Amino acid sequence: MAKHKTYTLIYTIASEFFAKNGYVGTIMGELAAKCSVNKASIYYHFKDKENLYNVVITTHLENLLKAVLPNAEKALLPQEKLEAFILNYAKHINKAPVLASLMMREMASGGIHMPQDAKPLMFKLLVTLSEILREGSEQKVFKEVNPTTIHFMIMGNINFYVASKPMRSKMTLQKNELNKNFSKHDIKSNATE
């Protein structure tokens with residue numbers, strides 16, 4: 001397997017492992033087995049687990065910024081900028097759901113494993129949103145608000161919605177089964193009356 005293909009394979013599967021198991025729960029031996037490589041190959045491409053996690057998080061965040069910022073900056077009015085920011089954030093997260101899970105895990109853990117390289121990227125999102133909200137406030141189209149609160153309201157809800165898709169799917173199946181049972185019961189009840 002070519003060097004680039006191995007790197008990409010490890011990166012892709014590591015993204016899924018970190019999203020599903022978190023930093024601590026991701027076991028390098030299991031990752032190597034899933035990638036059909038030895039651990040030495042992982043360490044050749046990514047110095048260690050911490051470096052691999054750094055690459056996974058920062059690459060996902062860099063891709064997010066490329067999807068969100070140019071579209072928000074193109075818009076003229078603050079309302080359009082905010083709409084573009086939110087819409088493109090949601091579209092990107094929907095296409096890259098591992099990022100939603102990674103961010104939810106980091107938020108839940110208090111960012112204990114958040115790579116230093118990722119922090120300026122996350123801050124760039126907050127700064128961009130803050131500038132949009134400030135501009136809208138100055139133009140009297142938005143109320144003055146705490147941008148950090150709005151940031152977590154938007155991103156937190158989108159991330160939660162996308163990351164919870166597997167759980168919601170199971171709940172829908174259970175709800176459908178429950179509805180079938182109620183329907184059977186209602187039919188029997190009505191038939192005996």
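Overview of values
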quantity	calculated
Condition broken by residue 157, with the remaining ones in (1) assigned to a helix (DSSP H, G or I); (2) of a type outside the set (A, V, I, L, M, F, W, C); (3) open to solvent by less than 90 Å² (accessible area, probe 1.4 Å) satisfied	(3)
Only one of 162, 141 that is β-branched (Val, Ile, Thr), farther than 25 Å from residue 56 by Cβ and either open to solvent by less than 90 Å² (accessible area, probe 1.4 Å) or touching a residue at least 60 places away in the same chain (Cβ under 8 Å) (or both)	141
Candidates 76, 121, 82, filtered to the one that is outside any helix (DSSP H, G or I), farther than 19 Å from residue 163 by Cα and open to solvent by 20 Å² or more (accessible area, probe 1.4 Å)	76
Any pair with Cβ under 8 angstrom, 6 or more apart, that starts in the stretch 89-111 at a residue that is surrounded by fewer than 20 Cβ atoms within 10 Å (Cβ to Cβ) and ends at one that is modelled with pLDDT under 95 and basic (Lys, Arg)	97/165
Test set (1) at pLDDT below 95; (2) over 19 Å from residue 65 (Cα atoms) - residue 152 fails condition number	(2)
Breaking point among (1) assigned to a helix (DSSP H, G or I); (2) without any contact (Cβ under 8 Å) to a residue 12 or more places away in the chain, for residue 47	(1)
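The values are calculated or read from the model by the stated rules, or taken from the named source; none is laboratory data. Since this is a predicted model, take the numbers as computed values, not measurements. Don't worry about glycine lacking a Cβ; one is built from the backbone with ideal geometry, like all the others, and counts go over all protein chains shown. These accessible areas exclude ligands, DNA and RNA; they are computed on the full protein's heavy atoms, side chains included. Shrake-Rupley method; radii C 1.70, N 1.55, O 1.52, S 1.80 Å.
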